[in-house]
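The values are calculated or read from the model by the stated rules, or taken from the named source; none is laboratory data. Just so we're clear, the structure is a prediction, and the values are computed from it rather than from any experiment. Glycine also receives a Cβ, built like all others from the backbone with ideal geometry; neighbour counts cover every protein chain displayed. Accessible surface areas use protein heavy atoms only, side chains included; no ligands, DNA or RNA. Shrake-Rupley method; radii C 1.70, N 1.55, O 1.52, S 1.80 Å.
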Amino acid sequence: MNTNVQINPVNTTTGMLPPEAQKKIQGWIRSRHLICSGNFYIFETVDYSAIERFDDCITTLGGTLINVDPIGKIWMGNHRQVLLYRAKASLHTPCHDLKQYWIKYGNYRTRFDENV
């Protein structure tokens, strides 16, 4: 008797399921924190814990975080500057519809782009 039952794969380090990771990434696409360039996803934020959540999502979907760089300071209000972080990840998504989702709802510039 074969008792091997296939259950949805769960990332053991984060406990996140792929549908949850995909929903979070879709939210970042809509909010213009995340842009797509080929198989690379570029995520910009002022919150470093968001970078950690982005890493968890990318890892859950089978990708890899390549690097995280502080790219400068931006003004929040009139009296405070905060660091802006840019994370680059590689995610080959033939079985996910994230690329098509980005084409439909995404943008070529993040919300922090100064040229907007």
>> Residues to consider are G38, G106, G62; find the one that is more than 11 Å from the chain's Cα centre (by Cα) and surrounded by fewer than 12 Cβ atoms within 10 Å (Cβ to Cβ).
In response: G38
>> Show me the strands (runs of 3 or more DSSP E) found entirely inside region 5-90 where at least 3 residues are charged (D, E, K, R) and at pLDDT 90 or above.
In response: 80-90
>> Can you find a residue that is in contact (Cβ under 8 Å) with a residue 12 or more places away in the chain and farther than 20 Å from P19 by Cβ anywhere in region 52-63?
In response: no
> Does Q100 satisfy being assigned to a helix (DSSP H, G or I), of a type in the set (S, T, N, Q) and more than 12 Å from the chain's Cα centre (by Cα)?
Replying inline: yes
> Is there a residue being of a type in the set (F, W, Y) and in contact with a helix residue (DSSP H, G or I) (Cβ under 8 Å, 6 or more places away or on another chain) anywhere in region 43-53?
Replying inline: yes
>> Please verify whether Y105 is within 26 Å of G15 (Cα to Cα) and at pLDDT below 95, treating the condition exactly as stated.
In response: no
> Is region 78-97 home to any residue that is open to solvent by 30 Å² or more (accessible area, probe 1.4 Å), of a type outside the set (D, E) and in contact (Cβ under 8 Å) with a residue 60 or more places away in the chain?
Replying inline: yes
